[in-house]
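Trainee: One structure follows; several queries about it will come next.
The values are calculated or read from the model by the stated rules, or taken from the named source; none is laboratory data. From a predicted model like this one, the values you see are computed outputs, not experimental measurements. With ligands, DNA and RNA removed, areas are computed over all heavy atoms of the protein, side chains included. Shrake-Rupley method; radii C 1.70, N 1.55, O 1.52, S 1.80 Å.
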Amino acid sequence: MTEEEQQINNNNKGFRLPGIQSIQSTPCARDAILHGAGGSLAAGLLHFLATSRVRRSFDVGLGGFMLTTLGSWFYCRYNNAKARVQQRMIQDGMKNKILYEGSVPDPVKEPSVETPSSPS
């Protein structure tokens, strides 16, 4: 790589927030922040339209941002963890199927009952 390409790659590290490594590489962070922004706007605007109190509406908007962001974050992380567990179970099942296929301890294979042959 040339020096210009390296400099461009160093500049494309993405948007960073304090306490979060990178929004682009952290799962669910981007969606949670976007949902929080929408929740903040909706909560603050609705409170302002209902009461016409600017300062209190800002506080409600900030609380809406925090609640919506955290709710969306935990919901997304929970679903990702559940999907990873299911994926791990499927991978183990596939590995066991390949391992036991056609062998005596094959759980899918039905045991065949041998009938004793009668002396003729």
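Trainee: Of everything in segment 1-38 that's open to solvent by less than 50 Å² (accessible area, probe 1.4 Å) and part of a loop (DSSP other than H, G, I, E, B), which residue is modelled with the lowest pLDDT?
Mentor: Gly14
Trainee: If I ask for residues that are of a type outside the set (Val, Ile, Thr) and open to solvent by less than 40 Å² (accessible area, probe 1.4 Å), which ones from segment 39-70 would you list?
Mentor: Passing the criteria: Gly39, Ser40, Ala43, Gly44, Ser57, Gly61, Gly63, Gly64.
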